[in-house]
Amino acid sequence: MATATSAILPTRILVVDDERQIHASLRLRLGGAHELVFAFDGATGLERLRETRFDLCLADLHMPRMDGFAFVAELHKRPEWRAIPIVVVTAKTLTPDDRLQLS
């Protein structure tokens, strides 16, 4: 029987970040309780979204090929992906324009 806590936690998480250290850290912290799928840039993240359904997406903003801003914009174009919560994980100080672009 599932507990109330486990019933509300995401189980499949897409991590879109080009830093291997971030992947390793998240695998260590979350990997035992959640299924983590990694992508090193936004374009690969979109490929992963086409392959399977995710409960949550963690995305960096600075990545090669397709950055986090473009990734979020593309994700929001598809109705079936709009409901996926996105947590932006970045060292960048977000400007008001950045926040507007992400929302």
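Computed quantities for the displayed model
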{"read-out": "Odd one out for Ala91, checked against (1) out of contact with any helix residue (DSSP H, G or I) (no Cβ under 8 Å at 6 or more places or on another chain); (2) surrounded by 10 or more Cβ atoms within 10 Å (Cβ to Cβ)", "value": "(2)"}
{"read-out": "Asp17, sole failed condition from (1) free of Cβ contacts under 8 Å to residues at least 24 places away in the same chain; (2) in contact with a His (Cβ under 8 Å, 6 or more places away or on another chain)", "value": "(1)"}
{"read-out": "Qualifying residue in region 39-50 (condition: modelled with pLDDT under 90 and surrounded by fewer than 17 Cβ atoms within 10 Å (Cβ to Cβ))", "value": "no"}
{"read-out": "Residue list for region 59-83, filter: open to solvent by 20 Å² or more (accessible area, probe 1.4 Å), of a type in the set (A, V, I, L, M) and either closer than 17 Å to Ser103 by Cα or touching a residue at least 60 places away in the same chain (Cβ under 8 Å) (or both)", "value": "Ala70, Ala73, Ala83"}
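The values are calculated or read from the model by the stated rules, or taken from the named source; none is laboratory data. If you're wondering where the values come from, they're calculated on a predicted model, not measured in any experiment. When we count neighbours, we look across all protein chains shown, and the Cβ atoms used for this are built from the backbone with ideal geometry, even at glycine. These area figures cover heavy atoms from the full protein model, side chains too; ligands, DNA and RNA do not enter into them. Shrake-Rupley method; radii C 1.70, N 1.55, O 1.52, S 1.80 Å.
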